[in-house]
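Colleague: Got a structure here, written out as structure tokens. Questions coming.
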Amino acid sequence: MRTSRIASAAMAVALAATACGGKQTNDEAAQSSGSCEASNGRITIATGNTGGVYYTLGGGLAQLISNNTPLKANAAETGASVQNIQQLVAGDYDIAFALADSAADAVNGKDSFEGKPQEVEALARIYSNYTQVVVRADSGIDSVADMRGKRISTGSPKSGTEVIANRLLRAAGLSESDVSAQRLALRPTVDQMKSGQIDGLVWSGGLPTPELTDLTTSLGDDVKFIDITPQFDALKKINPVYEKGSLPGDTYGLPADVPTIVVPNLLLVTKDFPAGNACAITKLIFDKKDELVKVHKAASALDRKKAVETDPVKLHPGAAQALGVE
């Protein structure tokens, strides 16, 4: 069971005891009085695939929390967005990285969440993920539609990458059965791209993604990124969080920028996450931004003004306090 839920239950007992003449602890008082202070305890952060930015930045965030608050945090490798949300709600994790489209599906009870709205809230909008579609140069693939009959890694099961990959296929007039979908985590995906076992991959991640740096450095002109923006309008109708963007060529030593589709990332908690912890952690992320940038430069996109743009996911009251939202 999650520490935060234990803490919430303990706090409720303490409050009841106070009403009967008992005495509240300082931690319990802080969590119930609107104070922006973290309590003692342990929390776990759900991240993503090894080699992805969630995993790298999540480890940095855990260290930042452990070094600057009474909380002790650790980061867990996961399949990413959809799995993270499901296990966050189940009580396996306290904080979860997730793509905004998966988070929107969760609160609306759509697609992967089978008509069951999930009671999650956001600490902040953080950086954005770039949808990176890489194919072998000899694969004959120049567009998503060309993936018919090809071996394509669509990402880990229950990941945000898999959600986007399947939506891209449908937007191009294909079904999942029209491709030989390989539901692989990023490291085995890259290994199989190198060995020629698969023809292409879809990956949603920050820039740069270390494993894709490895792939492009190793294979050079034997791989290429493709433009997926012809599918943008169809994706925008599915979920309004999608945005057009551009993958800078110098990210992976490409000859030119590549148009792509961008999705914001959110840090999520459940509604019962203690307000003092939410406030303290959210404040810490932006006060100590430079330390997170040292972990991964994707953190350079952290912006207090954009942090509140989490619709349709509600901002947690503690996070709202940290970000100065009335």
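Colleague: Okay, helix-only estimate at 222 nm for the chain: each DSSP H run of n ≥ 4 adds -39500 (n - 2.57), divide by all residues, round to 500 deg cm²/dmol; what do you get? Please report the intermediate quantities before stating the final value.
Modeller: Working: 13 runs with 128 residues, N = 326.
Result for the chain: -11500 deg cm²/dmol, rounded to the nearest 500.
Colleague: Any idea of the accessible area per residue across segment 138-248, 1.4 Å probe, to the nearest Å²?
Modeller: Values: 4520 Å² over 111 residues.
Value returned for segment 138-248: 41 Å² of accessible area per residue.
Colleague: Just add up the charged neighbours of LEU315: K/R +1, D/E -1, any other residue whose Cβ is under 11 Å from the Cβ of LEU315.
Modeller: Numbers: positive: ARG125, LYS314; negative: GLU121, GLU309, ASP311.
Result for the neighbourhood of LEU315: -1.
Colleague: If the label point is 7 Å along Cα→Cβ of ASN67, which residues in segment 285-322 have backbone nitrogen under 19 Å from it?
Modeller: 285-302
Colleague: For segment 231-239, just list the computed ³J(HN,Hα) in residue order, Karplus coefficients 6.51, -1.76 and 1.60, θ = phi - 60°, integers in Hz, with x standing in for Gly and Pro.
Modeller: Karplus-based 3J(HN,Hα) across segment 231-239 equals 8, 4, 4, 5, 5, 5, 5, 6, 8 Hz.
Colleague: Want the number for SER195 to ASP303: 0.36 nm per residue separation, take away the alpha-carbon distance, what's left?
Modeller: Working: separation 108, 0.36 × 108 = 38.88 nm, distance 4.00 nm.
Stretched out fully, the SER195 to ASP303 stretch lengthens by 34.9 nm.
Colleague: What percent do you get for the relative contact order of segment 141-300 when only Cα pairs under 8 Å and 6+ apart count?
Modeller: On the way: 190 pairs, mean separation 29.5, N = 160.
It rounds to 18 percent for segment 141-300.
Colleague: Would you please calculate the Kirkwood hydrodynamic radius of segment 159-246 over all C-alpha pairs and express it in Å, rounded to one decimal?
Modeller: Details: mean 1/r = 0.0705 Å⁻¹.
Averaging 1/r across every pair of different Cα atoms and inverting gives 14.2 Å.
Colleague: Can you work out ³J(HN,Hα) from phi for every residue in segment 293-308, in order, using Karplus 6.51 cos²θ - 1.76 cosθ + 1.60 and θ = phi - 60°, giving whole Hz and x for Gly and Pro?
Modeller: 4, 5, 6, 7, 5, 4, 5, 5, 7, 4, 9, 4, 5, 6, 4, 7
Colleague: Can you list residues whose amide H is under 5 Å from ALA75's amide H, if they're 5+ apart or on another chain and H is modeled 1.01 Å from N?
Modeller: Amide H neighbours of ALA75, under 5 Å, 5+ apart: ILE45.
Colleague: What nm distance separates the two modelled labels at SER246 and GLU326, each placed 7 Å from Cα along Cα→Cβ?
Modeller: In this crude spin-label approximation the distance works out to 3.9 nm.
Colleague: On to the next question. Rounded to the nearest 0.05, what FRET efficiency do ASP287 and ALA234 give with R0 = 41 Å and r taken as the Cβ-Cβ distance? Could you check?
Modeller: Numbers: r = 40 Å, r/R0 = 0.98.
With R0 = 41 Å, the Cβ-Cβ based efficiency is 0.55.
Colleague: Given a cut-off of under 8 Å on Cα pairs at least six residues apart, what relative contact order in percent is computed for segment 23-165?
Modeller: On the way: 195 pairs, mean separation 27.6, N = 143.
After rounding, I find 19 percent.
Colleague: Pop out the ³J(HN,Hα) list for segment 246-262 in order, Karplus 6.51 cos²θ - 1.76 cosθ + 1.60 with θ = phi - 60°, rounded to Hz; leave Gly and Pro as x.
Modeller: 9, 7, x, x, 6, 4, 10, x, 7, x, 7, 5, 10, x, 7, 10, 10
Colleague: From the alpha carbon gyration tensor of segment 65-120, can you work out the equivalent ellipsoid semi-axes (sqrt of 5 times each eigenvalue) and give them in Å, largest to smallest? If you can, show how the numbers build up before the last one.
Modeller: Numbers: eigenvalues 122, 22, 18 Å².
Each semi-axis is √(5λ); the values are 25, 10, 10 Å.
Colleague: Given contacts defined as C-alpha pairs under 8 Å and at least six residues apart, what's the relative contact order of the chain, whole-number percent?
Modeller: 25
Colleague: Highest mean first, how do 308-319, 261-272 rank when packing is the count of other Cβ atoms within 10 Å averaged over residues?
Modeller: Working: 308-319: 20.1, 261-272: 22.5.
Taking the mean over residues of other Cβ atoms within 10 Å, the ranking is 261-272, 308-319.
The values are calculated or read from the model by the stated rules, or taken from the named source; none is laboratory data. Not measured: the values here are computed from a predicted model. Cβ: placed from backbone, ideal geometry, glycine included. Neighbour counts: every protein chain shown. Calculation scope for accessible area: heavy atoms of the full protein, side chains included, ligands and nucleic acids excluded. Shrake-Rupley method; radii C 1.70, N 1.55, O 1.52, S 1.80 Å.
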